[in-house]
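The structure appears right after this line, and notes come after that.
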Amino acid sequence: MTTIDELRARWRKTIDPRDIDLLLTAVTGQTRAWVLGHGDTQVDPAPLEELVTRRLAGEPLQYIRGHADFFGRQFLVDDRVLIPRPETELLVETAIMRAPRAARVVDVGAGSGCVAISLERARTDLNVVAVDVSVAALALATRNARAHKSRARFAASDLLDSLRGVFDVVVSNPPYIAAGDLAGLQVEVRDHEPRVALTPGPRGTEIIERIFAAAGRAMVILEIGFGQAEAVRDIAHAHGFRVTEIRDDLAGIPRVVVSSPHGRQ
């Protein structure tokens, strides 16, 4: 047995001290505040050493701990789904503000379900359906929906192909990284997060193009990548849409695009 303080001292020069604290929360089942306040507590070092080995191999902290925080809630995550990111909270915030009352909304690329669930919980008047090509991802999203008592529904579909009827709003955080840029990503992303959730192909806009082609008369609200704003504006125009708003993230990067079909406000 070893004290918490001894374990923190042993590993803090090897990996980020905050990571050590959070891994200790996973080992002890306690909060970070508890870990920091109970340094003399004796624990078995073996479980922590196993988690540290995984972290040193580049595995994201969220996968190791099994959850990630998003929009004020905690979501189960693992290597079946993309890790929710703060930038995507802007997508949810925009959809909350822009979706008409009682609208039928489809979230393309459900992943962990964080977007659909957060949107439905904030706007319970909405009828939210989320789709994904990955049945494994949908299984996790369904667990998250149950945990948060969300009425959001989930379906296996390649974009809107398996859905019937029309939608008022299409919202999506699609894969938007150009395939050639994957090699330059952090190892945590490149080697551990699902490739299908990262890149749609050589241009990075292939799924965005398909979303506009399938959206019909729906409002389209998309998260986009760095430097894609003008390309997305052109794609929208080519499919009969006009960009009505572009919102920057906290770093000042154009991150969320709102589009409506020509003739619809």
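Each other residue within a Cβ distance under 12 Å of Arg233 adds +1 if Lys or Arg and -1 if Asp or Glu, for a net charge of -2. For region 24-60, the set of trypsin sites (Lys or Arg not before Pro) satisfying both a DSSP loop assignment and a count of at most 11 other C-beta atoms within 10 Å is empty. Pair-distance distribution of region 43-187: all C-alpha pairs, bin width 5 Å, starting at 0; shares per bin in whole percent are 2, 10, 18, 20, 19, 13, 8, 5, 3, 2, 1, 0. Run the paramagnetic zone check for Glu6: 7 angstrom along Cα to Cβ, then residues of region 26-40 with backbone nitrogen under 19 Å. Output list for this probe position: 27-28, 35-40.
Placing unit charges on the Cβ atoms of the charged side chains and taking the dipole of the chain about its Cα centre, the candidate lying farthest along the positive direction among Thr14, Thr25, Ser134 is Ser134. Each Cα pair under 8 Å and six or more residues apart adds its separation to the average, and for the chain the resulting relative contact order is 14 percent.
Placing +1 on the Cβ of every Lys and Arg and -1 on the Cβ of every Asp and Glu, with nothing else charged, gives the chain a dipole about its Cα centre of roughly 920 debye. Rounded to the nearest 20, the Cβ-based charge dipole of region 151-237 about its Cα centre (Lys and Arg +1, Asp and Glu -1) stands at 360 debye. Counted over region 174-214 with a bin width of 5 Å, the fraction of Cα pairs per bin, in whole percents, is 6, 27, 30, 21, 9, 5, 2. Most simply put, the chain has about 50% antiparallel DSSP beta bridges, counting only bridges with both residues inside it.
What's the FRET efficiency of Arg153 with Arg101 using the Cβ-Cβ distance as r and R₀ = 22 Å, to the nearest 0.05? FRET efficiency, Arg153 to Arg101: 0.70. If you average the sequence gap of Cα pairs under 8 Å that are 6 or more apart and divide by the length of region 185-265, what percent do you get for the contact order? So the answer I get is 28 percent. Ellipticity at 222 nm from helices only: DSSP H runs of n ≥ 4 in the chain, each -39500 (n - 2.57), divided by the residue count, give -11000 deg cm²/dmol. For Gln42, neighbours were defined as the other residues whose beta-carbon sits under 13 Å from its Cβ, and their charges (Lys and Arg +1, Asp and Glu -1) total -4. Shape index of region 145-250: Rg/Rh, with Rg the Cα radius of gyration and Rh the Kirkwood radius from the inverse mean 1/r over Cα pairs, equals 0.99. With the simple model of a label 7 Å out from the Cα in the direction of the Cβ, His38 to Arg203 spans 5.5 nm. Here r is the Cβ-Cβ distance between Ala231 and Val166 and R0 is 30 Å; the resulting FRET efficiency, rounded to 0.05, is 0.65. Counting only Cα atoms, I'd like the Rg/Rh figure for region 1-111, Kirkwood definition for Rh. Over the Cα atoms of region 1-111, Rg/Rh equals 1.12.
Volume of the convex hull of the chain (Cα atoms only), normalised per residue: 130 Å³.
Each reported figure results from applying straightforward, stated rules to the coordinates on display, with no laboratory input. As the structure is a computational prediction, the values presented were derived from the model and not from experiment. Please note: Cβ atoms are built from the backbone with ideal geometry, for glycine as well, and neighbour counts cover all protein chains shown.
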